[in-house]
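Contents: one structure, followed by commentary.
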Amino acid sequence: MAIGGIIILLLAIVFGVAYFSSQNAKKPQVRKPTPSPSSAGSLTVPVASPEPGTDSSTQSPQNVVGTKTYTGEGFSLHYPEAWGLLKCNNTQNFEFDPTNPTEQLGVKCDYAVKPITFLVSNIQLSCTGETIQLGNLAVLRSKTTKANGDINYRWCVNGATASLDVTHRVSSTGSRATSKDDYSTQVEQMISSLSFGGGS
């Protein structure tokens, strides 16, 4: 009698387990979603644009149609492909001639000979003028007009890896290191293309 009761109890347990197992198998499983590789990429936080005067890039800028790229110590910029470049061999300085596309490389520089001059420095510049925004850069700009109508422009840029003191001289007579036409707009486009970090 006792053995029969134990057998019935065991059978009841076996059938009970089988019944509950079959009921759970029929219920849909609720799973927490996991991000797929494609959706995980969309969860990245966007990178803010660099603040003025900071390292705007660690790579040279991509070439723009109608321009060439000049790469110096810790910076690069675009300039019109029709302009001539003069590169000094005794300093990091360089100059541009908007009217003559001839390139002069490895010139001993003692004084400016072209209308647009870039003086390169490894220390921060202290200049006067109004602060303007060119691209991602805060630039100090000044303009001096002489009694004879000659104009001297100056832009000072303090970057993360170099500082640039840029001048452009305009003269109706076309005297040495000046141009008869005003290229200040083009110079500001060049400055706005400046990218700091890296270089040759």
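General remarks:
- The residues packed around ASN122, meaning those with a beta-carbon under 13 Å from its beta-carbon, carry a net charge of -2 if Lys and Arg are +1 and Asp and Glu are -1.
- Segment THR144..THR71, full-extension length gain: 23.4 nm, with 0.36 nm per residue of separation and the alpha-carbon distance subtracted.
- Percent of beta bridges antiparallel (DSSP, the range 67-199, rounded to nearest 5): 90
- Point-to-point label distance, ASN90-LYS108, nm (Cα→Cβ direction, 7 Å offset): 0.6
- Charged-residue dipole, Cβ positions (Lys, Arg, Asp, Glu), the range 67-199 about Cα centre, Debye nearest 20: 200
- 14 Å beta-carbon shell around THR185, net charge (K/R +1, D/E -1): -1
- Kirkwood-type hydrodynamic radius, the range 67-199: 14.9 Å, calculated from all non-identical alpha-carbon pairs.
- Of the peptides 126-138, 66-78, the order by per-residue mean of other Cβ atoms within 10 Å, starting with the highest, comes out as 66-78, 126-138.
- Simple spin-label estimate for VAL64 and CYS127 in nanometres, 7 Å along Cα-Cβ: 1.8
Each reported figure results from applying straightforward, stated rules to the coordinates on display, with no laboratory input. The structure displayed is predicted, hence computed values, not measured ones. Methodologically, a virtual Cβ is constructed for each residue, glycine included, from the backbone with ideal geometry; neighbour enumeration extends over all protein chains shown.
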